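Enquirer: The following block contains the structure, expressed as C-alpha cells.
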Amino acid sequence: MAARDRIIPMVVAIPLFLQNLDTSVMATALPTIANALNVPVLRLNLAITSYLLSLAVFLPLSGWCAERFGARRVFCGAIAFFSLGSALCGAANSLTSLVLFRVLQGLGGAMMVPVGRLILLRSVPNARMVAAMVWFTVPPTIGRMAGPLFGGAIVTFVSWRWIFLINIPFGLLGIFLAFKFIPETHENAAPMPFDTLGFVLLAIGLTMLLSALELAGKALAPGWVTAAAAALGVLTLGLYALHGRRKVGPIIDLAILRYRAYRAAIVGGLPLRIAIGASPFLLPLLLQLGFGLSPLVSGALTMATAIGSLATRAVMVQSIRRVGFRSLLIGTTIAAALSRAAYGLFQPSTSHVLIFGVLLLGGLVNSMGMVALQTLGFSKIPKPSMSHATTLSSMAQQVSITLGVVIGTELVRATAWWHGDDSVGHLLARDFPPAFVALGVMTLLSLFFFVPLDRDEGAEMR
C-alpha cells in the first residue's frame, strides 16, 4: 500500500481523534465535573447531547461548503473552530455555559468529519479502500484508547478544565498536517444554490425530535410539550423528505438511499451505532458510581475497548477477503450484541482482568463491524453524489450517538426508579445491568438489514 494511501486516511481522521478523545475523556470525568458545577451527574448528559445535537443540525452544511469553498479549506477551518469551542468549554463555570459552548464546539465538529471522509473517498481507489479505511480508524481509536486513562489522570491530578484545553494543540497539529499532505480540490465553478428551505427543515426537525428525546422523563417540561416537540420534529423531517424529492439540488439528496448497501449502512446500522454511542457514557458511570472505582482505574479499564478497536488493523483486511462483507457484518453484529449484554454481568467483585478482557473483545467486534459497514456503504455511490453520501452518513452517525446517550440515560433512570431510588441521585451497581442487556438486544435489530445482502456484496473492494 502506497505511503500516500496511509498518510491521507490518518490526517483526515484527526477530527475523529479529537471527537473521540473529547467524548471519552468527558465521559470519564462526568462525576468530577458534576461535583464541580454542583449538578446531578445525569444532568450532565446535556453537555454530551448538546454537542451531538449541534453536530446533527449543522452537518448538512458540510457537503455544500466543501463543494463551494474547497474541501481542504473547510476541513482546516472546521478544526480551528472546534479548537476555539474547546477553549471556551475549558472556561465554563456553569452547566448552562458549558452546554452553550459545547453547541459552538459542535458547529465546528459538524464540518470536520464528513469533509474529511469526502477527501478520503475522493483520494483512494476502491481497490485499496478497505486498507485505507482501516488506517482511517487508527487516530480515532487512539483517541478512544487514550481518552479514558487520560481523563482519569486529569481529574485525579489537575483540573477537569484540561479535558477541553488539551484539544487545542492537537487541533493545531491537524491543521498543519492537512496543509502539508492534502492537496486542495478545485472549487466547483458553478455550485448549486444553497438549499435554505431544506436546511431550515432539517435543522428544525432534528432539533425538535432530539430535544423531545432529551426532555422525556426529566420533568423539565410538561408531557404535552415533549410530545408536541416530537410530533413537530417528525412532521418537519417528513416535509423535508417531500421537499428533497421535488427540489433540484437539495442540501441532502435522499435518493442515494436507493443503493442497498448504503441503505444497510445508514438505516441498518442505526441500532448498532445507538448501542455503541451509549456504552462509553454508561461504562464510566457503572465503574465509578456503581463500583466505587477511581476515575484513573475506571479510565484504565474502559481503555480496553479502544485497544480492541486498534487490533482491528491486524485482522480486518484478511477477514473481509476470507468471508466477505455480509458474513463479517452478521458475525460481528451477533458478537457485539453478546459482548454488550455481558457488560451487564459485571459486579463490584468481578476481576478487573476479566472486565478488561470482555471490554477488549467488545471493542474488537464493534470496530470490525463499523469498518466493514463504512467501507461497504460507499461502494456503489457515484462520485458526484459522494458529498451527499458522506454528509448523510455523518448525520446518521451523530444522531445515533445522541440517541444512544439519551436511551442509555433513560434505561438507567427507569431501572433506578423501579428499585425505588431517586433517578437523579445516587446510582447503584444494580441500576445498570438491564440497560446493557437491552442495548445488546437492540444491536441484533441490525441483522434485519445485513442478512438480505448479497453474499458477494462489495466484492470489488475486497
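Enquirer: On a 0 to 90 degree scale, rounded to 10, what angle separates helix 95-123 from the longest Cα axis of the chain?
Expert: Its long axis makes an angle of about 40 degrees.
Enquirer: Just to verify a number: what accessible area does residue 361 come out at with the full protein assembly present, 1.4 Å probe, Å² rounded to tens?
Expert: We get 100 Å² for residue 361.
Enquirer: Could you order peptides 353-359, 435-441 by the average number of other Cβ atoms within 10 Å of their residues, highest first?
Expert: Packing order, densest peptide first, comes out as 435-441, 353-359.
Enquirer: Using protein chains only and a probe of 1.4 angstrom, how many square angstrom of residue 454 are accessible, to the nearest 10?
Expert: 70 Å²
Enquirer: A further question on this structure: Separation of the stretch 331-399 and the stretch 261-294 by C-alpha centroid, Å?
Expert: 9 Å
Enquirer: Continuing with this model, one more query. How far apart, in nm, are the 7 Å Cα→Cβ label points at residue 419 and residue 94?
Expert: In this crude spin-label approximation the distance works out to 3.3 nm.
Enquirer: Across the stretch 329-340, in residue order, what do the Karplus-derived ³J(HN,Hα) couplings come to in whole Hz, using 6.51 cos²θ - 1.76 cosθ + 1.60 with θ = phi - 60° and x for Gly and Pro?
Expert: Per residue, the Karplus-derived 3J(HN,Hα) values read 5, 5, x, 5, 5, 5, 5, 5, 5, 5, 5, 5 Hz.
Enquirer: Also: Beyond 23 Å, what percent of the Cα pairs of the stretch 29-171 remain?
Expert: Value for the stretch 29-171: 42 percent of Cα pairs lie more than 23 Å apart.
Enquirer: Please work out the Cα convex hull volume for the chain and give it in Å³ per residue.
Expert: Per-residue hull volume (Cα only) is 129 Å³.
Enquirer: Nearest 10 degrees, 0 to 90: what angle lies between the long axis of helix 167-181 and the longest principal axis of the chain (Cα atoms)?
Expert: Rounded to the nearest ten degrees, it is 20.
Enquirer: Provide, in order from the shortest bin, the percent of all Cα-Cα pairs of the stretch 323-462 in each 10 Å bin, continuing until the bin that contains the maximum pair distance.
Expert: Per 10 Å bin, starting at 0, the Cα pair percentages come out as 11, 31, 32, 17, 8, 1.
Enquirer: What's the angle, to the nearest 10 degrees (0 to 90), between helix 196-215's Cα axis and the longest principal axis of the chain?
Expert: In the chain, helix 196-215 runs at an angle near 20 degrees to the longest axis.
Enquirer: Placing unit charges on C-beta atoms (Lys and Arg positive, Asp and Glu negative, everything else neutral), compute the dipole magnitude of the chain about its Cα centre in debye, rounded to 20. Intermediate values should be presented prior to the final figure.
Expert: Numbers: 32 positive and 16 negative charges, 204 e Å.
Roughly 980 debye for the chain.
Enquirer: Helix-only mean residue ellipticity at 222 nm, the chain, DSSP H runs n ≥ 4 weighted -39,500 (n - 2.57), per residue, nearest 500. What is it?
Expert: -24500 deg cm²/dmol
Enquirer: Here's another thing I want to ask about it. Counting only the heavy atoms of the protein chains, how much of residue 180 is accessible to a 1.4 Å probe, in Å² to the nearest 10?
Expert: Probe radius 1.4 Å; accessible area of residue 180 about 130 Å².
Enquirer: Now for a separate question. Going through the stretch 40-127, which trypsin sites (Lys or Arg not before Pro) have at most 13 other Cβ atoms within 10 Å and a DSSP loop state?
Expert: Passing sites in the stretch 40-127 do not exist.
The values are calculated or read from the model by the stated rules, or taken from the named source; none is laboratory data. Quick caveat: nothing in here was measured; it's all calculated off a predicted structure. Backbone-built Cβ (ideal geometry, glycine too); neighbour counts: all protein chains shown. Surface accessibility is based on the protein's heavy atoms, side chains included, excluding ligands, DNA and RNA. Shrake-Rupley method; radii C 1.70, N 1.55, O 1.52, S 1.80 Å.
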